Structures are given as C-alpha cells and as structure tokens.
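Below: the structure, in structure tokens.
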Amino acid sequence: MSTEARSPIVVRTIVWAIMAVVLVIYVVPIFWMYSSSMRTNGEIILNPIGLPTRIDFTNFIDAWQMANMGRHFIISIVITLSSTLLVVGSASLAAYGFSRLNFAGRKSLYAFFLLGLILPVQSFLVGLFVLFRSVGLLNSLWAVILPTSAIALPLAVLLIKNYFDSLPSSIEESAEIDGASTFTIYHSIILPIATPIIATVTTFTIINVWNEFMIPFVMIQTTELRPLTTSLYVFSTRHSANYALRLAALAVIASPMFVVYILLQRQIQRGITAGAIKG
Amino acid sequence: MTRRNNRHILYVVPALLIYGLVMIFPIGFTFFFSLWEWERFTPLAFGTLEHFTRLGTDPVLGRSFLNNFLYIAYTIVLEGFAGLVLAGMARRMQRSLGFRAVFFAPIILPSIVIGTLWRQIYATTGGLLNAVIGIVGAEPVVWLGPPLTMLSVSVVSGWTFAGYFMTIFYASMARIPQSIMDSSVIDGAGPWRTFFQIEVPLVKNIVVIVLVIITTGGFKAFDLFQILLRRDPLNSGIVLPTHLIRTFFENQDIGYGSALSVLLTMVVVAILLVINTVGKRVTGEIDEY
C-alpha cells in the first residue's frame, strides 16, 4: 500500500505539464531512431526531422545482413546463458552454505565475498587480461563469461543469503530427522521456496551480461567471436557515414528489449533496483 | 543451524573459485605489475616506482580527474536530483505508472544503443538536435567537442539513469506513512515545502546511497565516453577509465596501466569509506519514522 501526496488541482496541472515535457524528451529519441530507420541516408542528411514517406524495412534487413547480426545474437545468448547459469548455480549453493550450514571460516569467507561489492571492474581488468593472455583464454567466450559471472556473484550471494536467513529453521528440521542429506534439503526444500529471489538474481544477471560492453571490448578482438554490443561498435565505426543503416541496426537490437520490458516490467524493475536497495 | 561440519565448505567452493580466481587474484596481479618495468607483455625488472611517480607528472591524468569531477557534479544534478524531483512529481499525479515506466525504460538498453543513438542526435550532419534548434534560427553547435563535451555526455547519462533513481526514490517515499503526509497538509505546508522539508528528509538514507552510486559510478564510467566520443583526439572528454583503457590496451603500457588501475581502485574505495563514515552520522538518527 503506497501513500500519496494529496495536492490542489493547480499543483496537479503544473506537475502534469512538466511530466509531459519530460515524457517528450524520453520518447522523441526512440521515435526518431525508428522513423529515421525507414528513410534513406540522403533524406536524413537533408532534413533530420522529416518523417518517413513510406513503410520500408530495407534498412533493417540490410543492417541485419551486413552486421551479421544472427551470428552475434547467438554469441550474446550463449554468453548470457552461461554466465547466468554459473551465477545462479554457484551463488545459491554458496548462499545455502553461508546461511544454513556451519563450517570453519564461514564468517570470514562471507566477508571476503562482500568485498567484491565495492571493487570496480577496472581494479582487476589489467591483471585478468594478462592472466587470460598467458593461459590462452583471450579471444574466447570464456574471457567474457567468467568475469561477468564474477562481477555478479557478490551481490547474488548477498541477496540469496539474506533471503535464506529469513526462512525459519523448522523448514529443514523434519527433513533432518528423516535423515535427508544437506544437498537434498538444499535442492528439494530450500531452493523451491527461494524462487522469487532466484528470479531477481536471474533478471539482473541476464540484463547486465547481455548489455556488457567494456569486458568484451577488452577481451575479444576476433570479429567472429564478438557479442552484439561490441560487434555493433565496430559496425557503426565502419559505416559511420550511413546514418540510416546505423539507426536501423540500433532499432533491431533495442526492439526485443522493449518487448521483454513491456511483458516483464515489474520483475525487471525489481531485478535492476535490487542492487541499490541492498542497504 | 546444523552441527559444525567442515565438509560443508564444499558448498561455497564453486562460487569462491570463480570470484577468487577471476576477480581477487587478478587484483593482486595488477598491484604487482605496477611495480615492474615492462617491454610490452614481457616483465623486465621488479622494484620500480617510476609508474607511480609518473602519475604526478601526467598531464592527461590531471585532465581526466578534472573531467571526472565535472561529470560527477553534472550527474548528481542530472541523474540524482532529477530522479528525486521526478519521484516527487510522480507522487503528485493521480496516474503516474505510465510515466514512470517510460522514464525507467532506457536503463534496460545496452550502452551501445544509447551511446550510438545519442552520437547521432548530437551529430553535426544529419543530427536531430541541431535540426531542432535550427527551427528557431540557432546556428549548429558542436555538441561533442569542447567546451560542451562533458555536459553533453552527462545529459545522456541523465537521460539513462534519472528514471532509475526516480524509481528508487519513489519506492522509498511510498513507505512514508499517510498520517505524516496528511498532517503536513493540515499544517498548511505547500507542495514545495512538504517535498523538501518532509519527504526528502525522510528518505535521507536513500539519498546518501544514491550519492554513493553516482560518485563511485562516475569514476567507473567507461561505455558512454568510449561510444559517444570514440578516439576523442583532443582529450576533451577523457576520464580516468578511458585514460586507463587507452594506456593499457592501445599503447600496451602495462606498468603504467596497472598503476592507473591501482589509483582508480584507491579512489573508489576511499570515496566509499568516507561517505560510509559521514553517511552513517547523517542517517543514523532517522532510521525509524
């Protein structure tokens, strides 16, 4: 139940007008991206504000083919799925260990994990690059999967552990009396109850890894192995004079994100803001 | 809590391996590398402090710091304050859900889409912004060049993150009890006073968290600078993260690149420690309302 700030009608009207102006600032760039994608490059240069004169998908098809997007889509999907599986799998196991079990060094290891929440990516990027270079992992998908997973892990462990901590210990007591092993309790009792927090962790991991730019920018120089983000960077450098083609490529990438956002808006908002509200 | 059993440590081992080997171990590497002399990827001699003395004389580093501070100052206004005000206005609307959903949307887009789109909007030929100001007869402006570079990049940051911070502020303000809001109206406080003297102070701890995110985020920001400005030959928009990446990956200067990483890490951790100490004092007394 949310509270509200009751205000007189004059205030409401002014607020509504300002919000409408802000809305325009948000909608116009996106609208322009789609409308310009249906114009020719010459039309855009001549008059950037004009509207398309016809429904024309040529630029979208050209961008898809010339940027070899099908391939880079699949690479991004492989990277994102692998990272998400690694994060959700290992973080839920670790959170279970930290929250419900007891072993030597439990508290200090957990504190060691939380350290990762404050470390910037740049603190380990140089060392990791040289390390990957010496073991031959540079220019492989692992060079993106592993660091994106490692970055997501501290917050994932923290959120899932906090959730496990809130569950009463009576949950596993009867199973223990029946002689169930800790792993049985983890996967058939604790994990199924934790679905909401697992969904949150999955959401922010998928979005962060899918959108990641700096790590593949540094780690993958092989054209065929680039995920969508950095392949688009190279593509738009190569076609820097063809505005219509470039905007169409952006529209192709943005569209599925908008569809997913419209379908799963609440889940996505909860997932992305979870990091900030951790306290 | 079950009985102590040290075999249970196995549960945390997979996560510990990924996190330790990929994140913590390479940090040690980076610190270690900064004390070596290098010939591209070959370490030559250990025990030099030349990379750290170079930090004091690097003119590009001075420029990067200045730009970083400018960016943080701009984004505190364009992301944080804008988010706060948007949250306050959304609370004064009967139906704000649609507005809030749209303002939040940019953050789900990859930075490559946002950066490339805005690079096109700012462009001197075929750019939307110059065409729009041209309607009222204004001359075309070079948005992504001095002296506007940092402001233009910050505006894109604001466009991307203001809705995110709005969502965070809105969610925390929604927990303010209705009785407090009502009594403010009965006391005759106008919307302006109610917002800044009642609602904002009641979410002071969230304000501190948002300031932490924006300040440390300012020293980590790489994507938008790289995508909007590309090579940026004049260094008009160079910041610590782009300076670091250029030193390390384009000039392949591992020693100095590592020293810059160490510096960046120190700066971020120092800010967190300072704000954490000061922030606790600020938010300490208002945890319950």
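Quick one: what are the phi-derived ³J(HN,Hα) couplings along the range B:254-262, Karplus 6.51/-1.76/1.60 with θ = phi - 60°, whole Hz, x for glycine and proline?
Working through the residues one at a time gives 5, x, 6, x, 5, 4, 5, 4, 4 Hz.
What distance in nm separates the two pseudo spin-label positions at B:Ser183 and A:Ile25, each 7 Å out from Cα along the beta-carbon direction?
In this crude label model, B:Ser183 to A:Ile25 measures out at 3.6 nm.
If the cut-off is 13 Å between C-alpha atoms, which aspartates and glutamates fall inside it for B:Lys204, apart from same-chain ones fewer than 8 positions away?
Hits, sequence-local ones excluded: B:Glu285, B:Asp287, B:Glu288.
Evaluated at 4 °C with a viscosity of 1.567 mPa s, what Stokes-Einstein diffusion coefficient in µm²/s does the range A:189-279 have when Rh comes from the Kirkwood expression over alpha-carbon pairs?
The estimated diffusion coefficient comes to 84 µm²/s.
D for the protein assembly as shown, whole µm²/s, Stokes-Einstein with Kirkwood Rh over alpha-carbon pairs at 4 °C and 1.567 mPa s: what number?
51
From Cα pairs below 8 angstrom and at least 6 apart in sequence, can you work out the relative contact order of the range A:1-156, rounded to a whole percent?
22
Order these peptides, A:131-141, A:202-212, A:151-161, B:229-239, by their mean beta-carbon neighbour count within 10 angstrom, highest first.
A:151-161, A:202-212, B:229-239, A:131-141
Once every Cα of the range B:1-102 carries one equal point scatterer and solvent is ignored, give the base-10 log of I(q)/I(0) from the Debye formula at q = 0.11, 0.20, 0.23 Å⁻¹, two decimals.
So the normalised log intensities work out to -0.81, -1.06, -1.19.
Grab the Cα-Cα distance for A:Ile9 and A:Phe57, subtract it from 0.36 nm times how many residues apart they are, and report the gain in nm with one decimal.
Numbers: separation 48, 0.36 × 48 = 17.28 nm, distance 4.58 nm.
This chain segment gains 12.7 nm when fully extended.
Give me a comma-separated list of calculated 3J(HN,Hα) values for the range A:205-217, in order, Karplus coefficients 6.51, -1.76, 1.60 applied at θ = phi - 60°, integers in Hz, x for any Gly or Pro.
5, 4, 5, 5, 5, 4, 8, 4, 10, 5, 5, x, 4
Zone of A:Leu263 (label point 7 Å along Cα→Cβ, backbone N under 20 Å): which residues in the range A:45-73?
Hits in the range A:45-73 for A:Leu263 at 20 Å: A:70, A:73.
Taking a temperature of 37 °C and a viscosity of 0.692 mPa s, what whole-number D in µm²/s does Stokes-Einstein yield for chain B with Rh from Kirkwood over alpha carbon pairs?
147
Hey, what do the phi angles of the range B:80-93 turn into as Karplus ³J(HN,Hα) couplings, whole Hz, using 6.51/-1.76/1.60 and θ = phi - 60°, x for Gly and Pro?
Here the 3J(HN,Hα) series is x, 5, 4, x, 5, 5, 4, 4, x, 5, 4, 5, 9, 10 Hz.
What is the average number of partner chain Cβ atoms found within 10 Å of a Cβ in B:237-248?
2
Normalised by the residues of the range A:9-61, what does the relative contact order come to in percent, with Cα pairs under 8 Å and at least six apart?
On the way: 21 pairs, mean separation 15.4, N = 53.
Relative contact order for the range A:9-61 comes out at 29 percent.
Could you calculate the FRET efficiency of B:Val102 with B:Leu21 from 1/(1 + (r/R0)^6), where r is the beta carbon distance between them and R0 is 60 Å, rounded to 0.05?
0.90
Tell me which chymotrypsin sites (Phe, Trp or Tyr not before Pro) from the range A:54-130 have a DSSP coil assignment and no more than 13 other beta carbons within 10 Å of their own.
Counting only loop positions with at most 13 other Cβ atoms within 10 Å, the chymotrypsin sites (Phe, Trp or Tyr not before Pro) in the range A:54-130 are A:Phe57.
Can you grab the distance from the C-alpha centre of the range B:64-120 to the C-alpha centre of the range B:128-153, Å, no decimals?
Using only Cα atoms, the two centres lie 20 Å from each other.
Scale the Cα Rg of the range B:169-273 by the rule-of-thumb value 2.2 N^0.38 Å and send over the ratio, two decimals. Let's see the in-between values first.
Values: Rg = 21.4 Å, N = 105, 2.2 N^0.38 = 12.9 Å.
Relative to the 2.2 N^0.38 Å estimate, the range B:169-273 comes out at 1.66.
Mind checking the dipole of the range A:68-238: about its Cα centre, +1 per Lys or Arg Cβ, -1 per Asp or Glu Cβ, Debye to the nearest 20?
620
Compute the relative contact order of the range B:50-159 as a whole-number percentage, counting only Cα pairs closer than 8 Å that sit 6 or more residues apart in sequence.
Values: 61 pairs, mean separation 35.0, N = 110.
Relative contact order of the range B:50-159: 32 percent.
Taking all pairs of distinct Cα atoms, average 1/r, flip it, and tell me the Kirkwood hydrodynamic radius of the range A:9-61 in Å to one decimal place.
13.0
Give the calculated FRET efficiency between B:Ile135 and B:Thr48 to the nearest 0.05, with a Förster radius of 51 Å applied to their Cβ-Cβ distance.
0.30
Provide a whole-number value for the mean count of partner chain Cβ atoms within 10 Å of the Cβ atoms in peptide A:95-107. Display every interim value, and only then the final one.
Numbers: counts 3, 3, 8, 4, 1, 4, 11, 7, 10, 5, 3, 5, 0.
Mean partner shielding for this stretch: 5.
Can you give the alpha-carbon Rg of the range B:26-83 over 2.2 N^0.38 Å, where N counts its residues?
1.67
Which value in nm describes the separation of the simple spin-label points at A:Leu117 and A:Glu224, placed 7 Å from the Cα toward the beta carbon?
That separation, rounded to one decimal, is 4.4 nm.
PRE reach from A:Asp178 (point 7 Å along Cα→Cβ): which of the range A:69-96 fall under 12 Å by backbone N?
Residues passing the 12 Å test: none.
Give me the distance between the Cα centres of the range A:32-96 and the range A:190-250, rounded to whole Å.
Comparing the Cα centres of the range A:32-96 and the range A:190-250, I get a distance of 9 Å.
When N is the residue count of the range A:112-215, what does its C-alpha Rg come to as a fraction of 2.2 N^0.38 Å?
1.39
Could you list which residues have their amide H under 5 Å from that of B:Trp38, counting only those 5 or more apart in sequence or on another chain, with H placed in the peptide plane?
B:Leu44, B:Gly255
In deg cm²/dmol and to the nearest 500, what is the mean residue ellipticity at 222 nm of the protein assembly as shown if only DSSP H runs of at least 4 residues count, each as -39500 (n - 2.57), divided by the residue total?
When only DSSP H runs of four or more count, the value is -21000 deg cm²/dmol.
Using the eigenvalues of the Cα gyration tensor, what equivalent ellipsoid semi-axes result for chain A when each is taken as the square root of five times the eigenvalue, whole Å, largest first?
Sorted largest first and rounded, they come to 42, 28, 16 Å.
Residue separation times 0.36 nm, minus the C-alpha to C-alpha distance between A:Asn47 and A:Ile193: what's the value? Present the calculation step by step, with values, prior to reporting the outcome.
On the way: separation 146, 0.36 × 146 = 52.56 nm, distance 5.70 nm.
Net length gain for the segment: 46.9 nm.
No value in this document is a laboratory result; all are computed from the given coordinates. Computed from a predicted structure; not experimentally measured. Virtual Cβ from ideal backbone geometry, glycine too; neighbours counted across all protein chains shown.
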